Amino acid sequence: MSRREGLGEPDRGALSSEQEEKLRQFKIKTRIDNEKYLRSHPEIDKLMSDFLREVLLKRPPDIRQFAAEHFNNDLCETLDLKSEDAVKWNQAK
């Protein structure tokens, strides 16, 4: 994973051994909890797969705008909103 621009090098001595162990345990628990959640909601895999497929096919210049439109359109389709209702729904947010 690459570093985000603007972040310095991590301070290796900032945490005590006890804090490092607590952090490690927290990370493990978080990964396990996330995995359980994702396994109990297989629809997330479908949503993400559809989104990534569209991103790779269309290669939008503004990924945030594309994501907002993509997921709003999917929600409107899921709720079976007509295009006029969808515009009203999006404006009401």
_Calculated over segment 1-61: convex hull of Cα atoms, volume per residue (Å³)_ = 110
_Simple spin-label estimate for Lys22 and Lys58 in nanometres, 7 Å along Cα-Cβ_ = 4.5
_Simple label model, 7 Å out from Cα along Cβ direction - Glu35 to Asp50, nm_ = 2.8
*asked:* What are the ³J(HN,Hα) couplings of segment 24-32, residue after residue, when phi is run through the Karplus curve with 6.51, -1.76, 1.60 and θ = phi - 60°? Round to Hz, x for glycine and proline.
replied: 4, 5, 4, 4, 4, 4, 4, 5, 5
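No value in this document is a laboratory result; all are computed from the given coordinates. What you are looking at is a predicted structure, and each value in this text was computed from that prediction instead of being measured. Neighbour counts run over all protein chains shown; Cβ positions are idealised from the backbone, glycine included.
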